[in-house]
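Student: Sharing a structure below in structure tokens format, with a few things to ask.
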Amino acid sequence: MEKHRGIESARKQIAQLALELNAQCSVTAIADGELLLVAKEGAPQSYDGLHQVGERTPLILPFAIGHIAWSSEQVIESYLSEASPYLSKALRKHTFAAISAIRRRGYAMAANGAAMRGLRQSMASPNAYVRNDAYWAALNEGVRTMSEDELQLLNIPGKPTTGLRYIAAPVFSPDGSVALEAFHHRLAEQPGR
């Protein structure tokens, strides 16, 4: 925390946001080629996915798309190449449209759905700690079966039938790169929200 003072500033901001929204908010960073949970505040609405500060997930689609969207074409292509064997042509095309949408509107948002829940649960399974063949097979299956809206919503929906999975905004460093990403987790339709 002493080395990366921005994390504490971001944590304070998400703590206030979590209180205002009565929801869980978190902050992630990319570290050593993985997505790292660096701060979390508020009441969880689910126990799937990353739970504790310090947990990591592989840097694969759709995770970290908000970080990657602001990267160079080379970084984006490398990110997509990891999922290429499991992405349909339509979902790959949607991913490029999603990256453009994220950059245009300034934030990422995705719908909830069965494939995303499966991916998050796979990340929390005992296999996630050893990252064996079963773990990678489950992640790849989740990517393969993901809907376009679970990957990224291109437009703000009037009322999504499955609810929103998250809304995330980048936190830029002085050099213009994405240092952190702040998430508001919203897993289902909530009256009045």
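Student: When you scan the range 82-99, do you find a residue that is within 16 Å of N140 (Cα to Cα), among the hydrophobic types (A, V, I, L, M, F, W, C) and within 16 Å of the chain's Cα centre (by Cα), even just one?
Tutor: yes
Student: Can I ask one more? Of the residues P62, P44, which is assigned to a loop (DSSP other than H, G, I, E, B) and either touching a Gly at 6+ places or on another chain (Cβ under 6 Å) or open to solvent by 40 Å² or more (accessible area, probe 1.4 Å) (or both)?
Tutor: P44
Student: Also, quick follow-up: Can you tell me which residue in the range 171-193 is modelled with the lowest pLDDT, limited to those that are within 14 Å of the chain's Cα centre (by Cα) and not β-branched (V, I, T)?
Tutor: Looking at residues that are within 14 Å of the chain's Cα centre (by Cα) and not β-branched (V, I, T), I get L187.
Student: Regarding the range 159-170, can at least one residue be identified that is under 28 Å from S84 (Cβ atoms), open to solvent by 50 Å² or more (accessible area, probe 1.4 Å), within 17 Å of the chain's Cα centre (by Cα) and at pLDDT 80 or above?
Tutor: Yes: one or more hits.
Student: Which of (1) under 20 Å from A124 (Cα atoms); (2) outside any loop (DSSP other than H, G, I, E, B); (3) modelled with pLDDT under 85 does P85 not meet, given it meets every other one?
Tutor: (1)
Student: Right, another one. So I76 fits all but one of (1) within 20 Å of I156 (Cα to Cα); (2) open to solvent by less than 50 Å² (accessible area, probe 1.4 Å); what number is the exception?
Tutor: Every condition holds for I76 apart from (1).
Student: Now for a separate question. Which count do you get for residues in the range 104-124 that are under 15 Å from the mean Cα position of the chain (by Cα), of a type outside the set (G, A, S), open to solvent by 20 Å² or more (accessible area, probe 1.4 Å) and modelled with pLDDT of 85 or more?
Tutor: The qualifying residues number 1.
Student: Hey, another quick one. H51 passes all but one of (1) within 21 Å of A138 (Cα to Cα); (2) at pLDDT 90 or above; (3) open to solvent by 50 Å² or more (accessible area, probe 1.4 Å); which number fails?
Tutor: Checking H51 against (1) within 21 Å of A138 (Cα to Cα); (2) at pLDDT 90 or above; (3) open to solvent by 50 Å² or more (accessible area, probe 1.4 Å), the one that fails is (2).
The values are calculated or read from the model by the stated rules, or taken from the named source; none is laboratory data. Quantities reported herein were computed from a predicted structural model and do not represent experimental measurements. Positions of Cβ are backbone-derived with ideal geometry, glycine not excepted, and every protein chain shown enters the neighbour counts. For accessibility, only protein heavy atoms count, side chains too; no ligands or nucleic acids. Shrake-Rupley method; radii C 1.70, N 1.55, O 1.52, S 1.80 Å.
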